[in-house]
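Just so it is clear, none of the values below were taken in a lab; they were calculated from the coordinates. All values reported here derive from a predicted model rather than from experimental measurement. Backbone-built Cβ (ideal geometry, glycine too); neighbour counts: all protein chains shown.
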Amino acid sequence: MLTHLAGPYVIGIDAGGTKTRCVVLTLGGALAGSGTGPGANPNSGGDTAGALTTALQTALGDLDRSHILAGVFGIAGAGSAGRPAAVSAARRAWQAVGLRGSPAVVTDIAVAFAAGTSAPKGIVVFSGTGAGAAVISDGAIVQRADGYGWLVGDEGSAVWLGREAVRAALAAYDGRGSPTLLTESVPRALLGAAVVTEINSSRPRPRHERPLALAGAPALASRPAPRSTPATVPRPAPPGAVAVTLDPEHDLPPPAQATPNPHLAQAIIKEVYGRPPAALGRLGPVVAAAAAAGDPVARRITEEAAQWLLRDVDAVRPALADPYAPVVMHGSVLRDGPVAEAVRDGLRDRFAADPRRAGDGAVGAAALALRRLGHALP
């Protein structure tokens with residue numbers, strides 16, 4: 001082992017709804033080990049103790065357990081309502097890998113802020129599996145807005161984006177909503193391209209979608225033939241309107257939208273309800289891609305997500321005594337893309353400064369552990 005990695009060590013864990021990450025750092029900030037595990041938030045279907053143990057075991061490897069001085073676990077769902085269960089799970093995982101004592105347990109919101117700045121106080125706005133904003137002071141939440149879980153909150157999160165994408169696709173299928181690129185991208189992301197192709201190929205084509213075939217003649221194109229009446233006898237234009245004459249060879253009305261496949265909608269529903277709610281977060285990039293392509297439905301969803309997140313910031317901002325304290329953006333949704341851009345612009349308008357981008361939440365948790373020992377990351 002390299003001498004600068006020989007310890008002592010601190011441990012940091014960022015346990016979110018879809019992934020748990022653990023790092024082991026020396027007192028000088030060098031990385032001595034890292035590991036990952038599944039999601040740990042019990043509100044999103046995670047096994048907290050199991051996920052923590054898996055990440056810890058991998059990160060520690062063959063390191064001498066007696067050299068571990070402290071640990072900070074940032075666990076999603078570890079607010080006051082879920083704190084007893086989170087503390088119990090953390091202690092079980094700590095002991096399961098042969099460590100003495102117990103780690104400090106904070107919320108993943110606190111480590112998200114520490115992952116973006118060494119300052120003790122400021123604001124963090126976050127959007128990953130969960131979403132919200134909080135004022136942080138010395139690793140503790142002074143005031144928070146949202147972060148209440150997928151069922152009653154987390155507006156603007158990746159899971160929220162995924163839920164809205166599914167709702168928009170289903171509404172477009174059955175005629176309640178507007179046409180959108182999400183009707184193509186959502187099932188492919190959820191089911192896979194091969195499954196979607198198989199489902200669509202097994203659907204009988206309605207009569208109006210079938211090409212017209214004449215006896216002894218090849219099938220004609222399914223596109224309807226131009227109508228002569230609108231082109232040759234245009235209706236009078238309303239007063240002040242510009243009269244337009246249709247060219248029957250080129251300005252054809254768009255073909256009728258294909259009849260939705262009910263089997264595809266049912267397959268989506270089965271997939272959504274058959275997995276933990278946090279799994280919807282994988283549709284976040286799908287919504288972002290459709291919005292970037294100009295899809296109006298997807299753009300509405302991403303704009304609404306940004307508005308929710310900025311509203312969270314506005315709700316907690318009065319609790320921030322120092323107007324020049326840093327503001328940190330954290331989470332997969334706020335790394336890049338249309339939601340991140342809109343939130344970043346909104347924060348610049350509010351604070352007249354660029355927000356900071358958070359790094360690895362597990363490193364942020366380890367930084368909190370170092371701070372408790374009187375050390376700081378270089």
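Values as computed for the structure displayed
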quantity	calculated
Label point distance in nm, E304-Q95, each placed 7 Å from Cα along Cα→Cβ	4.7
Label-point gap, in nm, between L377 and K121 - each point 7 angstrom along Cα→Cβ	2.2
Among 322-328, 161-167, the order from most to least packed when residues are scored by Cβ within 10 Å on average	161-167, 322-328
Efficiency of FRET between A352 and S178 - r from beta-carbon atoms, R0 30 angstrom, step 0.05	0.20
Those residues of the stretch 80-114 whose amide nitrogen sits under 15 Å from the label point placed on V152, 7 Å along Cα→Cβ	80-83
Charge dipole (the stretch 275-378, unit charges on Cβ, about Cα centre) - positive-most of L320, L310, A293	L320
